[in-house]
Amino acid sequence: MSSASTPERPAPDSPATKAARRPRTLKNRSYQVARWLHVYTSMISLLIVLFFSVTGVMLNHPEWTFGSTEQRQDVKGTLPQDWKAGNAVDWLKVTAALEKAGLRGTAGDYRADTSGDTLSFRAPGYSADVTIDPSSGSYTASVDSQGWVAALGDLHRGRDAGSAWSVALDLAGYLLILIAVTGLAMLLYLKKLRLSGILTLLGGAVLVGVIMKLALN
């Protein structure tokens, strides 16, 4: 009964061993880097792409409310006695008092006038316009809450969402650019798909250009 033969290992100086030790070319290394970046940036930005895709469709169909209803109300009150420093309005104290009364968002559009001091609060899907009586400190805020659908639409646009969301939008844009560039780089390494892929890219660019021209006319 013969014993099972074991596969012979290549000699240290054989062509197979030398091929295994051969360093990867610049082309191989760059392809590996592009693939690594493409895979992991795609995973990181998966939810970002999903969010902007869904909210983009929702913005294109404003009639879709999904039960979200707009609510308008007037909020009235009186500011603390120290809301003015002499004849000048202390906007920091005014803003803090109004936020304590329930208004939210980013305050701005400050204006002092003899007919009434005004300011506004803005947040995604939310606005409040405040008018203050200069003589008594009483105020009326017209609050408009447009619901979560409008809030998501404003987040998509980056409207009234604050500096933190602005930074997040920049990062999302950079990630999507990186995904597009690395995807194109990977395509250029694939000989069988390179020509058809580039032709598809050019065809898509022409189609988008035609649609944009029709939309602008």
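The values are calculated or read from the model by the stated rules, or taken from the named source; none is laboratory data. These figures come from a predicted structure and were not determined experimentally. Note: ideal-geometry Cβ built from the backbone for every residue, glycine included; neighbour counts use all protein chains shown.
Quick notes
- A164 satisfies every condition listed in (1) modelled with pLDDT under 90; (2) within 30 Å of Q32 (Cα to Cα) except (2).
- Between D144, D129, D133, D117, the distinction of being surrounded by fewer than 18 Cβ atoms within 10 Å (Cβ to Cβ) and over 28 Å from S68 (Cβ atoms) belongs to D133 only.
- Residues being under 23 Å from G125 (Cβ atoms) and either more than 23 Å from the chain's Cα centre (by Cα) or exposed (fewer than 11 other Cβ atoms within 10 Å of the Cβ) (or both) are entirely absent from segment 28-35.
Yes or no, residue by residue, for (1) modelled with pLDDT under 70; (2) surrounded by 11 or more Cβ atoms within 10 Å (Cβ to Cβ); (3) of a type in the set (S, T, N, Q); (4) farther than 30 Å from S136 by Cβ:
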{"site": "A16", "(1), (2), (3), (4)": "yes, no, no, yes"}
{"site": "A19", "(1), (2), (3), (4)": "yes, no, no, yes"}
{"site": "S42", "(1), (2), (3), (4)": "no, yes, yes, yes"}
{"site": "F51", "(1), (2), (3), (4)": "no, yes, no, yes"}
{"site": "V54", "(1), (2), (3), (4)": "no, yes, no, yes"}
{"site": "G67", "(1), (2), (3), (4)": "yes, no, no, yes"}
{"site": "T78", "(1), (2), (3), (4)": "no, yes, yes, no"}
{"site": "W83", "(1), (2), (3), (4)": "no, yes, no, no"}
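- Residue satisfying all of: in segment 109-156; free of Cβ contacts under 8 Å to residues at least 40 places away in the same chain and charged (D, E, K, R); nearest to F51 (Cα to Cα) among these: D154
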